[in-house]
Structure formats: C-alpha cells, structure tokens
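A short worksheet on the structure shown next.
The values are calculated or read from the model by the stated rules, or taken from the named source; none is laboratory data. The shown structure was predicted, so the numbers you read here are calculated from the model rather than taken from an experiment. Quick reminder, even Gly has a Cβ in these numbers, built from the backbone with ideal geometry, and neighbours come from all protein chains shown.
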Amino acid sequence: MLRSLVLHIGDPDAGAAALRAALAGPLGRGVCAAASSGRLDPALARFAQKAARRGAATGLLSIEPPAGVRPLRLRRLLATHFPDLAPEHPPHLAPEHPPQQPPQQPGPLRIVAYLRPHADRLCALHAAAVAAGRCDAPLEAFLDALEAEGGLGSAARLAPWREVFGPAFVLRPMLAAELTGGDVVQDFLALALPGARRPGPEPAPEPGLPGTLSAADTEVLRRLRLSLHDRPAELRVRTVQHLAGLLAADPDPQAGPAVLSRDLAQRLLGACREDAAALDAAFFPDRPVMLPALEALPGRAEAAAAQPGPDALRLVGIFAALAADLTASGTGPDPAAPGED
Amino acid sequence: MVGQVVFHIGDSKTGSTSIQRTLALGAATSAEVSLLYPLLRTHAHHAVALSLYDPAHMAERARHWRWVAERLAGSDADVAVISAELFENVAPATLAEAIAEFLPEHLATARFVAYVRPHAERVLSAWTQQVKTGTTLRDLEGFHRHSSRRGRFLYAPRFEAWRAAFGARFVLRPMIRAELAGGDVVRDFCEVVFAGAPFELTLPPPANEALCLEDLALLNALQQRLRERLGQDMLRKALGGRLAQLLQAAPPRSRQTRPQLHRSLAIEIAETYGADAAALDASFFAGQAPAGPMTRALEAAIARALPEPLPFDPSRLLTPAEARLARCLEALVVEMVAERPEGVRQLLRARKIDALMGV
C-alpha cells in the first residue's frame with residue numbers, strides 16, 4: 001500500500017517531457033513511478049492499481065491531462081483513488097506563509113509544480129505553439145495574443161492550489177540556480193525520494209517535444225510555417241511538427257538562451273511586475289525569485305532579439321521553398337513517425 | 001527558306017545556356033545578317049538532340065525534326081541556329097542522316113560549332129554539375145578516377161569524328177577566355193554565326209551561377225540521404241536540380257569556398273589527358289607555340305591548384321549549428337519525398353519547366 005504519493009502537475013513548457021522520460025526508468029525498490037498525459041480520472045485509477053500490484057510504498061506520478069487540472073477536482077479524485085493519502089493540512093489550517101522549501105517532514109501527499117519566470121515562460125509557450133504548427137507570429141505578436149487571453153500571469157491561477165492543498169502543494173521555480181542538480185528531474189527526485197540514489201544526468205528529451213527547442217530553432221520553424229502559409233492547414237502543421245521533432249532529436253549544444261529585445265523586456269517588466277511580486281509573496285517569501293528574474297530582463301536584453309545567422313536563415317529559406325514545392329502536391333511527412341530518419 | 005543552318009552542338013559546361021538565352025531573347029542582331037532561332041518550350045533544342053540517341057525520345061524523332069524543317073522552310077532568315085549541348089552525345093553520322101532526311105537542302109552547307117573546355121576545368125565543372133543533379137555522389141578525386149576509366153573527357157577522337165564527317169564546316173573553339181572573341185563565349189559564338197558581319201549584342205545576366213563548395217556539399221548530403229531512402233531514381237536528380245535552382249537563386253552565403261582542384265589531382269588529370277590535349281592542339285589549334293591552348297591549360301591548372309584538397313563534408317565546411325540545421329532539413333525533405341514520390345516527381349518536373357521558361 002502506498003504510504004506516500006508525489007504528484008507532478010506538468011505544464012507542457014516546464015520540464016514535463018524530461019520528467020516523463022526519467023519516470024519511465026527504474027527508481028528503486030518500493031517505488032512505483034509513471035507519467036500520463038491522458039485523462040485524469042483513468043490515469044489516477046491505473047496508477048493506483050499499478051502501485052497496489054507492485055506493493056509499492058512510494059508513488060511518483062507525473063500528470064499532464066490535456067484539459068488541464070482543477071485543484072478541487074484533483075482533490076476529489078485523490079480521495080477516491082488514494083483514500084489513505086488525504087492532504088495533511090486541510091485548507092482552513094493552511095499556514096499564512098507556507099515554506100519556500102519543501103517541508104522537512106513531508107506529508108504522505110505532495111503536489112509539485114514547476115514554474116518558469118515570466119520571460120522564460122513566454123519564450124517556452126511561444127516555442128511550443130510554433131513547434132505544434134499552431135503559430136507563426138513573432139514573439140511580440142504572440143505576447144499580444146496572450147495578453148488578449150488573460151496574459152502571462154500565474155499568481156491567480158496557482159493560488160487555488162495552495163488554498164486546496166495547503167503546504168502539500170509545492171511550487172518550484174524553474175531556474176537552474178534554484179533547482180537541486182540544476183534541472184527539473186534531479187530536483188523532483190531529490191524532493192520525492194530524499195536521500196535515495198538518483199539517476200545520472202538528465203536523459204535526452206524525447207524527439208518532438210517542444211520544450212527542448214531553442215529560440216533559433218523556434219525562428220526556423222516559424223519561417224517554415226510562414227513559407228507554407230498557402231498550403232492546407234493539416235499539411236502545414238504536420239510539416240512543421242515533423243521538423244520540430246527532428247530539431248529536438250538533434251539538439252544544438254551551443255544554442256544559447258533566448259535574448260529579448262529591449263522593448264519587449266520593458267514591456268514584460270511593466271506587464272508582469274505585479275504578478276511576479278504576488279508569486280514571490282505567496283510561494284517564495286524567503287527568497288523572492290520571480291520579481292528579481294523579471295527585473296533583470298532589461299539588463300540582459302539587446303537592441304534587437306537574437307536571430308539565427310544569415311547563412312542559417314538562407315538555408316531555412318531554401319529548404320522552406322522546397323518544402324512548399326513538395327507540399328503543393330499534397331505530400332507531407334508521416335505524423336506517426338516523428339523523428340525517424 | 002533559311003539560307004544556312006548552324007548547329008551549336010555543345011559541349012556541356014561551355015556557356016551553352018548563355019548562348020541559348022541570348023538567342024532566345026533576340027539579344028544578338030545584325031543589320032547585315034538576319035537570324036532565326038526557332039523557339040521550343042525551352043530555350044534550347046534538347047528534344048531535337050535527344051530524339052537522335054535517347055531511346056526514351058527516339059519515337060519523337062520525326063515529329064521534332066519536321067518541326068525544325070517547317071520553321072526553317074517558313075523563314076527567309078540568312079542564318080538559323082539550332083542549339084543543344086546534348087548534341088555532344090550524338091554521333092556525327094547520325095546527325096548527318098537526320099539532316100539528309102529532314103533538311104536535305106542544308107546538308108552540304110550546314111555548319112557545326114562546338115566549344116571545348118580544357119580537361120582540368122571540364123573535370124571540375126562536370127563534377128559540380130553532376131553533384132548538383134545527384135548523378136555522382138563521389139568527391140572530386142573519385143569522380144575524376146571514375147570518369148577517366150570511362151574515357152569520358154577524351155576529346156580528340158570525338159571531335160576528329162565531327163571533322164571527318166563535316167570537314168571545315170565543323171568549327172571547334174577552345175573555351176578559354178583569352179582565346180574567345182572579346183573574352184566571352186556568347187560574343188565568340190556570334191562572330192562565328194554572323195561570319196564577320198557587324199552585330200549588336202546585349203549580354204543577358206550570367207546564367208548558371210556557379211554553386212559554392214558549401215552548397216555542393218549540402219546537395220551531395222541530400223542526395224546521399226535520398227539514395228539511401230529511395231535508391232537510384234530520377235526523382236533524386238529532379239529534386240537535386242530544384243534544390244540547386246533554389247540555392248542559386250538565394251542570396252550568396254556570407255562565406256563561400258570556390259570549388260578548386262588540388263595539386264596532386266591536377267597532376268593526375270594532366271597525366272590522364274596530356275596526350276589527348278596534345279592531339280587536340282595538333283588537330284584543331286595548330287600553329288600556336290610553344291604548345292597549344294589545351295596543353296597550356298593543363299599546365300596552368302597545375303600551377304594554380306591548391307596545395308591540399310578542399311573538404312567536401314558539410315560538417316567541415318559549415319558551422320556546427322548550420323550543419324545540424326542542414327541535417328534536420330534534409331531529413332524533413334527526404335521523408336516528404338519518400339511518402340509521395342510520384343506526386344513530387346510531377347511537381348518538380350513542372351517546376352523545372354517553369355524555371356526554364358522564366359516563369
């Protein structure tokens with residue numbers, strides 16, 4: 001019977017892919033681990049059965065349901081499938097200032113989420129949208145669209161989690177300097193299995209997972225999609241997704257972090273300052289991270305956003321024209337075999 | 001009826017496209033000599049030449065040659081030009097038979113003009129062309145060894161046959177800038193066609209802009225992948241041709257390497273073709289001392305060759321980021337082609353024709 005369960009609630013842009021890969025491997029005796037991107041209720045039911053079959057004491061589950069997760073619903077489902085692992089602190093007993101670090105004596109259930117600072121999140125969301133073939137807007141226009149839909153803020157979205165789960169909800173800042181071992185996998189395993197021997201370096205990401213794309217790759221995909229603007233939407237999407245998979249499978253070790261333009265950095269600072277301060281107050285009161293990261297943006301920005309070099313852009317233009325030729329006759333890569341060559 | 005017909009018979013890689021574009025655009029005119037250049041769908045008369053030797057086109061022989069005969073009969077121009085570098089693959093006797101059958105009134109007066117590129121330059125340009133089209137996947141050295149085994153660039157016997165068939169009406173010109181009228185092959189060809197009469201010439205922008213080594217390496221890498229995935233296929237060549245068009249039309253790379261021979265290969269080529277160059281000089285370019293232009297060109301190729309071979313691997317010619325991007329883009333294209341080869345083949349064929357027509 002499970003004595004503890006650590007549940008990772010994954011955003012597609014916050015290390016979920018790497019964690020899913022890590023949880024697929026062996027993690028030691030008595031540990032049952034899994035990842036699911038399917039519907040929540042069946043995923044929890046399957047995991048409960050699997051853990052029971054194995055007689056596991058510790059469960060690690062990463063979930064990424066397509067329709068998102070609402071905390072109250074999750075609480076109800078956990079009560080159904082894991083009745084012995086109720087949250088330690090009912091909402092009305094939640095401390096006013098929960099700890100920034102995971103509790104020293106963790107309860108039997110913890111809900112863990114990772115959150116990127118605002119600029120990183122913007123770039124990651126943009127990369128994911130472009131890699132999925134849904135977007136060919138530049139970063140600035142993508143931000144316009146995000147703001148029209150409610151913006152980049154996370155404080156209001158995450159507050160109900162703390163209200164429902166109290167300190168069992170652990171929000172971790174997705175910043176290498178703040179993460180144990182510098183990455184999400186090491187950090188999650190350190191939190192879930194303290195003291196246990198952990199796997200080595202972060203495993204290579206699965207091909208086709210958009211979170212692994214650099215700003216240069218995102219620009220490449222964006223240009224490919226633009227070149228296919230008059231092709232059927234399905235072909236356009238499949239072609240872009242296929243190249244995204246190939247790029248993710250062959251990562252550029254020299255790719256640097258995204259560099260924002262000064263205008264965009266200032267705009268983000270203005271738009272997200274309040275949200276960053278609210279996140280720090282709610283989740284990182286001992287050592288604020290979100291607001292400092294936001295305030296550091298203008299100093300790291302350049303006059304214009306970084307672009308792939310001229311020869312790389314030339315190459316993209318040439319192959320994009322060729323892809324446009326090839327899709328004109330109704331051809332396209334097989335979406336069932338991303339990353340294969 | 002046209003007064004005289006001039007067959008421009010090649011060779012490949014000797015400015016044929018520039019000559020054909022000039023003629024097709026009517027950019028060469030003379031007040032004293034009127035010129036007819038009958039237009040097919042393309043600037044050149046490749047179909048006419050192919051019908052004489054390519055089994056896939058020989059059934060069309062009568063149709064194409066009647067088309068030529070009708071154009072020549074329906075014009076009172078002083079000179080007509082039929083131009084296709086593919087005539088270099090035709091036996092002179094075969095061409096003579098076609099002329100006798102379809103253009104009998106021109107059999108005794110037709111002239112034949114060919115340009116010959118010195119051996120070393122021809123090996124280099126043929127290699128770049130064949131890399132472009134995917135006909136060869138070899139590097140430059142491997143290409144030379146393969147082509148020399150087949151005697152591909154032995155000129156003297158071939159051109160001797162043309163002279164034997166047509167005598168002084170066959171004119172061979174060396175494709176060497178210093179030997180060409182005005183240093184330009186188009187102007188030189190006009191000198192031959194207009195036979196000394198004054199002419200006006202508006203040179204079109206250069207055709208067949210040469211690809212740099214980096215682009216050739218990209219094409220070769222794509223062809224390798226296509227062959228692994230699709231096997232030997234005309235589709236590979238069509239796709240290579242289309243990619244080459246796109247590479248040529250794109251702005252130049254920020255850093256380009258010109259394909260060049262290296263010294264040991266230039267020496268090897270000189271050893272392979274030295275006797276052929278001397279024979280050609282003796283037969284066609286006699287009276288030039290101390291050696292004829294083809295022999296001098298072989299010596300000059302050694303003198304200007306690079307000390308070491310140039311690399312031909314994208315990973316050594318491109319930045320790591322660009323090489324990686326190229327790998328991914330190539331893989332994408334290969335998958336797209338593998339999924340629907342037939343549709344792609346038709347599309348590329350259509351696009352190639354569009355490009356040739358300037359669409």
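For the stretch B:253-261, the count of residues that are in contact (Cβ under 8 Å) with a residue 40 or more places away in the chain, in contact with a His (Cβ under 7 Å, 6 or more places away or on another chain) and closer than 25 Å to B:S148 by Cβ is zero.
The number of residues in the stretch B:143-178 that are in contact with a Pro (Cβ under 7 Å, 6 or more places away or on another chain) and either surrounded by fewer than 17 Cβ atoms within 10 Å (Cβ to Cβ) or under 30 Å from B:A221 (Cβ atoms) (or both) comes to 2. The sole residue among B:L298, B:L325, B:L306 that is aliphatic (A, V, I, L, M) and at pLDDT below 95 is B:L325.
Within this structure, B:A338 fails the test of being more than 28 Å from the chain's Cα centre (by Cα), at pLDDT 85 or above and among the small types (G, A, S). Can you tell me which residue is nearest to the other protein chains (Cβ to nearest Cβ) among those in the stretch B:285-296 that are of a type in the set (A, V, I, L, M) and touching a helix residue (DSSP H, G or I) at 6+ places or on another chain (Cβ under 7 Å)? It comes out as B:M294. Selection of helices (runs of 4 or more DSSP H) fully inside the stretch A:75-175 by the criterion of at least 1 residues being under 19 Å from A:L213 (Cβ atoms) and modelled with pLDDT of 90 or more returns A:118-131, A:139-148.
Do you know which of the residues in the stretch B:228-258 that are surrounded by 15 or more Cβ atoms within 10 Å (Cβ to Cβ) and more than 12 Å from every other protein chain (Cβ to nearest Cβ) is farthest from B:A305 (Cα to Cα)? Looking at residues that are surrounded by 15 or more Cβ atoms within 10 Å (Cβ to Cβ) and more than 12 Å from every other protein chain (Cβ to nearest Cβ), I get B:L230. Restricting attention to the stretch B:184-205 and to residues that are among the charged types (D, E, K, R) and assigned to a helix (DSSP H, G or I), the residue that is farthest from B:F112 (Cα to Cα) turns out to be B:R187.
Among the residues of the stretch A:29-61, those that are polar (S, T, N, Q) and either farther than 16 Å from A:V6 by Cα or without any contact (Cβ under 8 Å) to a residue 60 or more places away in the chain (or both) comprise A:S36, A:S37, A:Q49. Among the residues making up the stretch B:143-167, those that are farther than 16 Å from B:A270 by Cα and either touching a strand residue (DSSP E or B) at 6+ places or on another chain (Cβ under 7 Å) or at pLDDT below 95 (or both) are B:R150, B:F159, B:W162, B:R163, B:F166. Taking the stretch A:224-266 as the range and being within 11 Å of chain B (Cβ to nearest Cβ), in contact (Cβ under 8 Å) with a residue 12 or more places away in the chain and not in a helix (DSSP H, G or I) as the test, the residues that pass are A:P251, A:D252, A:A255, A:G256. Can you name every residue in the stretch B:39-60 that is of a type in the set (D, E, K, R) and within 22 Å of the chain's Cα centre (by Cα)? Across the stretch B:39-60, the qualifying residues are B:R41, B:D54. Residues that are under 15 Å from B:V337 (Cα atoms) and polar (S, T, N, Q) were ranked within the stretch B:213-227; the one that is surrounded by the most Cβ atoms within 10 Å (Cβ to Cβ) is B:Q223. Of all residues in the stretch A:238-256, none satisfies being among the hydroxyl-bearing types (S, T, Y) and closer than 23 Å to A:E140 by Cα. Residues considered: A:G38, A:G28, A:G59, A:G68. Of these, the only one that is modelled with pLDDT under 90 and farther than 30 Å from A:H126 by Cβ is A:G28. Considering the stretch B:306-333, and only residues there that are under 28 Å from the mean Cα position of the chain (by Cα) and crowded, with 19+ Cβ neighbours inside 10 Å, the residue that is farthest from the other protein chains (Cβ to nearest Cβ) turns out to be B:F312. When residues in the stretch B:334-344 are screened for being in contact (Cβ under 8 Å) with a residue 40 or more places away in the chain and more than 7 Å from chain A (Cβ to nearest Cβ), 3 of them pass.
Candidates in the stretch A:282-338 are the residues that are buried (at least 17 other Cβ atoms within 10 Å of the Cβ) and modelled with pLDDT under 80; of these, the one that is farthest from the other protein chains (Cβ to nearest Cβ) is A:A305. Within the stretch B:149-183, how many residues are in contact with a helix residue (DSSP H, G or I) (Cβ under 8 Å, 6 or more places away or on another chain) and assigned to a loop (DSSP other than H, G, I, E, B)? Matching residues across the stretch B:149-183 total 7.
Tell me, which residue of the stretch A:267-300 that is without any contact (Cβ under 8 Å) to a residue 40 or more places away in the chain and not in a helix (DSSP H, G or I) is nearest to A:R172 (Cα to Cα)? Among them, the one singled out is A:P288.
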